[in-house]
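Working notes, beginning with the structure itself.
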Amino acid sequence: MGWIVATLRLNWANLTANKGVFATMALLMALQNLLYFLLWVAFFARISSLKGWGLQEVTFLYAAGAIGFGIFFSVLGGCDQLSRTIQTGQLDLCLTRPRSVLLSALLLRMRADSLGDIVGGFVMLALFGPSLTQLPLILALSVSMGMIYVAARLTIHSLAFWGLDDESPEKGFIAFLIAATNPQNGFSPWAKVVLLSVIPAGYIALLPVEILHHFSWSFLAWQFSASTTLLALAVLVFHLGLRRYESGNTSIGLR
């Protein structure tokens, strides 16, 4: 664990070396999220509900998702460039270290803009969110939602081991992000099944809202079991791909 702490300290020092740039990136991301969210505020100012969802539900969806996203990707900043790390042979740097290859790759950097996601999320909660008495549950669900974001991004980027180019994975993750940040309460039962299995966006934009509305320990356990399982599967996909990786300074070979 000592190397993780040392890596995080070094990454933090690099991230905050230019405090003006650091603060600007975080602030711009927070403002971007808030400006987009204000479109929903304007929408619900004219229409009271959207198939049973109101402003509080959408606030939770965006705020909790942003907080969970920011918690993980502010630290695991190497995830969004993992496919490029694989394709360009930079993964060699992680292979030479006597520690987890995956964790080393994910900890290659930190992201200031993801810290802005956290700030923006808490501002949304403070202005339009549910009761503060639900804050512990909201934070717990944020962590679970963040785990699913990591699982999705890691799985998609690991496809670079099978020859997918270094730009397509992030485009695929953005598509998943769009699906996971849209209200899904109005979908048909079959669509909800798909969103809780094939495309697990339902564990971000569907089940957490239901847990917040009608709390039960069994549903919360289901949520965390799903997020843990999806993350474990993502790690498995990475390690299966790693077996195909051939060392190279600028490119890789795939067996």
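The values are calculated or read from the model by the stated rules, or taken from the named source; none is laboratory data. Model, not experiment: these values are computed from the prediction. Because the Cβ atoms are built from the backbone with ideal geometry, glycine has one as well, and the counts that use them run over all protein chains shown.
Checking the structure you have, find out if any residue of segment 127-134 is modelled with pLDDT of 90 or more and out of contact with any helix residue (DSSP H, G or I) (no Cβ under 7 Å at 6 or more places or on another chain). There is at least one residue in segment 127-134 that is modelled with pLDDT of 90 or more and out of contact with any helix residue (DSSP H, G or I) (no Cβ under 7 Å at 6 or more places or on another chain).
The number of residues in segment 106-126 that are closer than 21 Å to L154 by Cα, of a type in the set (A, V, I, L, M) and assigned to a helix (DSSP H, G or I) comes to 4. For the condition surrounded by 14 or more Cβ atoms within 10 Å (Cβ to Cβ), modelled with pLDDT under 90 and either closer than 19 Å to L103 by Cα or not acidic (D, E) (or both), I204 does not qualify.
Restricting attention to segment 79-127, which residues are acidic (D, E) and within 22 Å of the chain's Cα centre (by Cα)?
Within segment 79-127, D80, D113, D117 meet the criteria.
In summary, helices (runs of 4 or more DSSP H) completely within segment 47-97 and bearing 1 or more residues that are farther than 22 Å from G172 by Cβ occur at 55-75, 92-95.
Considering segment 22-52, and only residues there that are among the aliphatic types (A, V, I, L, M), over 16 Å from D117 (Cα atoms) and surrounded by 12 or more Cβ atoms within 10 Å (Cβ to Cβ), the residue that is nearest to the chain's Cα centre (by Cα) turns out to be V41.
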